[in-house]
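Scroll down for the structure; my scribbles are underneath it.
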Amino acid sequence: MERLERFVRGMGQYVDDIKVEHPLYMAVVRSPYARAKLINVKGGVSAADFDAKLASVGEGAQGRDSNPAAHPIFAKGFVNYVGQPVAAVFDEDRYKAEDQLESVDVDYEPLQPVVSPEAAIDFEPIHEGMKSNIISDRYLGKDFADGAEIVLEDRLENHRIATNAIETRGILADFTEGRLIVHVSTQSVFSIKRGLAGTLGLPEEKIRVIQADTGGGFGLKGGLQPEHVIAAYAAMKYKRPVKWIETRIEHLMAANQGRGAIGKMRLYANNSGKILGIKGTIIVDAGAYAEGLAGFAPGFIAHQLTEQYGIKNGYVRAMSVLTNKAPYGPYRGAGRPEAAFFMERMVDMLADRLGMDDAEIRLLNSTDKPFTSPFGMHIEASKPFMEKALEALDYRKMKKSKAGIGFFVLVPGAAPGEGVRLAVKDKKLHVWLGSNQHGQGHDFFIKKLVKEELGIGENEMVIEVPDTDNIRSGIGTWGSRSAMVGGSALVDAARHIKDEVKRKNGKYSKALLLHGNYDYFEFYKFDGEINSFGANLAVAGIGPVNEVRALEVRAFYDVGRALSKEMVKAQIEGGMIQGAGQFIGEGVIYDENGQLLTASISNAGVMRATKAPKCVVKIIENPSDLPDKAKGLGEAPTIGTPIALIRSLEHISGKRFSTTPVRPEDLI
Amino acid sequence: MEAMNVKITINGKEHSAKVETRQLLVHFIRESAGLTGTHVGCDTSNCGACTVLLDGKPVKSCTVLSAQANGKEVTTIEGLGSIKGMDKLQKAFIKHDGLQCGFCTPGMIMEAHYLLKKNPNASEEEIRSGIDGNLCRCTGYVGIIEAIKSVQNGADNGKA
C-alpha cells in the first residue's frame, strides 16, 4: 500500500504502533528543579548503573569526550533543567511504568538557577570544570570605523519555541542475537546509529536502526538524545524489547528547543538610506548542556546576517551561553529565521527613520552583481529577484492594506552530501536514500527522478524504509537538503547504473536493467554553497482583545527546479503557518526559577485552524547547478513569514516591535 | 488496581476485555482491540490526534475512560472505507495534500467526517471552527480544508 494511503486509513506504523511480544515500557524520572545538587537517587535505573564510559551523549556525536557541558545520560551530581532525566523505571504495563515513577526517591538540594542568557554570561558556571557559562565566543567579520550619518541600535529577540511535532519522540529497542535492533521516530537513522555506538561502546555493526513512520520532526529528531540511550541500554540489560513514547509534557520540558536568540544590533547608514555596515552581538541560549550545534549556531546566524544586501562592512560577536533550561536544538529554520529577523528589523527601523518606503530602501541596498558578504556568504545579484518579487507579491497594491515585506537568503545544509543505494531485486528497482521522510514527501521526487533518469515507473520500483543494515551510510533530513542533495545523489547514482547497463549490453533499456544483476551504492558529495532568495509579504491584524493575528501570508521563492509543484506548495504553506505561529504566540516560557509555564501544546502556541492565515504561494524556478537542478526550500517559509508579519503589525499599530512572539501586552 | 469487564463495539465489531478502571479509551482501542490508527499526541485533549466517534459524536479518546464507553459504539479511522478501498474523505485528503507526516490525519478525518455529517454545507469558517481542536503541524490546514470542501461539493465524488 502507498504511504499516504496507509496514513489516511490508519495503517501507519509509527513507533508506538509496532507490536512486539512482551515489551517493557519505560518511564523517566525527571528533575523538578532547574538547578540542584543531586544528593541521592534510590530506586530505578540511574547514573549509578551506567559504566563511566557510557556517561554522556552529544547531538549525534560520539559523546565520550571530556566536555563538562556534555549531556549526561542520567544526571550525575547535579541537575540543570526541569525535566532532566534522573532515573528510569520499566514495567510490562505502560500505566504501571508511570506508577513506578513514585517508587524512586531522589534527594535534591536546590541551587539558584540562571534563566536569562544575558545574565548567564556573568553568572557562576553551572557546570564544574568550566570557567564561565560561555561555550563559544567568536568575532566574525572585520571591525570598521563608526563614522556614519545614521547609527541605529536595537535589542532583538526570538524567544524559544518547542518543536512540537504531533508525534512526540519514541523508540523501540531490542537486543537479539548479540545485536541492538532499534525502531525509532527520526530524521536520521545514521545519527542514531553512530550516537548509540559511541555512547554504548558498541561496534557499529552490532547496531541496526530502522526508521519507523515518523510523525514530523522539525529539527528535534535529527540526533540522539538521552532517552534513546536509556531505552537501548535497558533492552540490553533486560534482554527484551523496551519501548519509550514521550508524553507531551515531557516533550515540552525536556526535548531540545529552538530559536532562543538575542541580537543586539547596530546599523550604520547614510542619509540616503544606503547601509554602510552592521555590528552587534548575537547570543544563543544554549540551555543546560551543549555540544556542537549550540556552539555553532550564533556564528551560523552571523554568517547570513547581511541577507540580500550589498553591505560591505560587518563585525559581530557570536556567543552561545549555558542556562538552566532544556538544551538548545534546531527548530525548522535553525538560525536562518533569527538572522533575517535581526537584519530586516534594522532595515525597517532605518526606513522609519528616513520616512522611506519598505521596498525602496531594500532595492537601494540590493546588489546588481554577485556579492560576498563580510561574513563570507556568497549570493547572486539580488536586485533582479527583489524587483520580480515586488511585482509577483503585488506589493504596491498590498501596501494599501498595510502589508509588510521581508527578504531573505536560504542557506541550505548541502554539506556533507548524501548516500543512496539502487539495487535490482525480483525485477524491481529498490531505492534507499540516506535521508528519510517525515512529512516532506521524498517519494514524490524519488519517483520523478527515477522515471526521468531510468524510465522506470512507480510500479517497477520499491522505495525502501531507511534501515542501516540495507544502506551503508547516509546523512539525514534537515537544513532544506533532501530534495536538492538527496535528489542529486539519486540522479548521480541512476546515471552510474545506466552507464553500467550500457557497458554490459552496449545500450540501455529499462528491461536490461530490471532483468540484470545490479546493486550500486554511492555517497554523493557536495560541499559548495547553493544559496537561494526568498521574499514574503504579509498582512497582520489585531483582534478585539488585543490579540495579534496573521491574516494573509504570500510567498515568492526561488526553489530551483520544482520537483513536484504540489509538494512545493504544500511545504511552503505548512512552513508559513509555522512562521506565523512564531509571530502570533508560539513560545516556551520559563519563570525566574526556571519552571516551565507553557505546559501544554496549546499554551506553547501551536497554530490552530481558526487562527491560520490565508496562504498565497508563488515560485520561480532558476535551476541550480546540481544534477537534479533543485534548491533548498523547506525552511524558507519559517524565515520570511515572521519578518513580513511583524512589519505589517508595525504599519497597523504605529509601534515598534523587537521580539517574537508579539504578545497582547506589547501592543499597549 | 480495580478491574472491570467492558464491552465496546468498535467499527461494528464487539470487543470485550477485562481492563483496569483507569484505562483510557484510546488504549482500549489501540491495545485491547489492536487498532493503532487512533494516535496519542498530547494526552490532554489539546491536539485531537486521538479523535474517534463515540455513539456518533467526536470525542478525544485520550481523555475518555474505557468504562465510559462501555456498551457504546465507537468508530475509528479503520471504520471508514472498506477492504476494497478508501472512502471519499480519505481519498480527498490524499488528492488535496491534506497530510504530510500523517500523524494527525486519522483524528482529523474523523472530526471532518462528523462535521460534514452534521453540517453538509459548512462554510469555510465553520470548517475551520469544526477542526479547531485538531492540530496539524505540517500542512498549515490549507490542504485539509480544500479536501473537506471538495467532498462537501461532491466535486471528488469518491473518485480521487
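Every number in this text was worked out from the coordinates using simple rules, so none of it is lab data. Computed from a predicted model, the values in this text were never measured in an experiment. Every residue, glycine among them, receives a Cβ derived from its backbone with ideal geometry; neighbour counts consider all protein chains shown.
Overview of values
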{"read-out": "Segment A:312-421 - percent relative contact order, Cα under 8 Å, separation 6 or more", "value": "24 percent"}
{"read-out": "Extension gain, A:S66 back to A:A48 (0.36 nm per residue minus Cα-Cα distance, nm)", "value": "4.6 nm"}
{"read-out": "Over 17 Å [Cα-Cα, segment A:510-651], rounded percent", "value": "68 percent"}
{"read-out": "Residue mean of other protein chain beta carbons inside 10 Å, A:166-174", "value": "4"}
{"read-out": "All-pairs alpha carbon distance profile, segment B:88-152, 5 Å steps from 0, percent", "value": "4, 21, 36, 28, 10, 1"}
{"read-out": "Relative intensity, log₁₀ I(q)/I(0), of segment A:418-524 from a Debye sum that treats every alpha carbon as a point, q = 0.20, 0.22 Å⁻¹", "value": "-0.97, -1.17"}
{"read-out": "Cα-based convex hull volume of chain B per residue, rounded to whole Å³", "value": "101 Å³"}
{"read-out": "Spread of Cα-to-Cα distances over 5 Å intervals beginning at zero, given as percent, for segment B:3-79", "value": "3, 19, 33, 28, 14, 3"}
{"read-out": "Karplus-derived 3J(HN,Hα), 6.51/-1.76/1.60, for each residue of segment A:337-347, Hz, glycine and proline x", "value": "x, 5, 4, 5, 5, 4, 6, 5, 5, 6, 5"}
{"read-out": "If the convex hull is drawn through the Cα atoms of segment A:13-329, its volume per residue in Å³", "value": "137 Å³"}
{"read-out": "Net length gained if the chain between A:K312 and A:D357 were fully extended (0.36 nm per residue, minus Cα distance)", "value": "14.0 nm"}
{"read-out": "Kirkwood Rh (inverse of mean 1/r, distinct Cα pairs), segment A:69-150, angstrom", "value": "17.1 Å"}
{"read-out": "Rg/Rh for segment A:294-442, where both radii come from Cα atoms and Rh is the Kirkwood radius", "value": "1.09"}
{"read-out": "A:K655-A:E109 FRET efficiency (beta carbon distance; Förster radius 35 Å; 0.05 resolution)", "value": "0.20"}
{"read-out": "13 Å beta-carbon shell around A:G170, net charge (K/R +1, D/E -1)", "value": "-2"}
{"read-out": "Vicinal HN-Hα couplings computed from phi for segment A:376-391 (Karplus, 6.51 cos²θ - 1.76 cosθ + 1.60; Hz; Gly/Pro x)", "value": "x, 8, 9, 10, 7, 4, 9, 4, x, 5, 4, 4, 5, 5, 4, 5"}
{"read-out": "11 Å reach of a label modelled at A:N622, 7 Å along Cα-to-Cβ, counting backbone N of segment A:553-581", "value": "A:558-560"}
{"read-out": "Among B:K84, B:K149, B:K95, residue whose mean-square fluctuation peaks in a GNM of chain B (springs only between Cα atoms under 10 Å)", "value": "B:K84"}
{"read-out": "Rel. contact order, % - alpha carbon contacts under 8 angstrom, at least six apart, chain A", "value": "15 percent"}
{"read-out": "D_trans [Stokes-Einstein, Kirkwood Rh over alpha-carbon pairs] for segment A:470-535, 10 °C, 1.306 mPa s, µm² s⁻¹", "value": "113 µm²/s"}
{"read-out": "Neighbour cut-off at most 11 other Cβ (10 Å), DSSP loop, trypsin sites (Lys or Arg not before Pro), segment A:490-519", "value": "A:K507"}
{"read-out": "Whole-number percent relative contact order across chain B, with pairs defined as alpha carbons under 8 Å at least 6 apart", "value": "23 percent"}
{"read-out": "Segment A:600-668 and segment A:392-414: distance between their alpha carbon centers, rounded to Å", "value": "10 Å"}
{"read-out": "Potential lengthening between A:V462 and A:H430 on full extension [0.36 nm per residue; Cα-Cα distance subtracted]", "value": "11.1 nm"}
{"read-out": "Gyration tensor over alpha-carbon atoms, the protein assembly as shown, equivalent ellipsoid semi-axes in Å", "value": "39, 33, 30"}
{"read-out": "Around A:E204: net Lys/Arg minus Asp/Glu count, Cβ-Cβ under 12 Å", "value": "+4"}
{"read-out": "Neighbourhood charge, 13 Å Cβ-Cβ cut-off, centred on B:M4 and excluding it, Lys, Arg +1 and Asp, Glu -1", "value": "+1"}
{"read-out": "Label-to-label distance, nm, for residues given as A:Q13 and B:K118 (7 Å Cα→Cβ offset)", "value": "3.6 nm"}
{"read-out": "Hydrodynamic radius of segment A:220-268 per Kirkwood, over alpha carbon pairs, in Å", "value": "13.8 Å"}
{"read-out": "Calculated FRET efficiency for the pair A:K498/A:E92, C-beta based, R₀ 35 Å, to 0.05", "value": "0.10"}
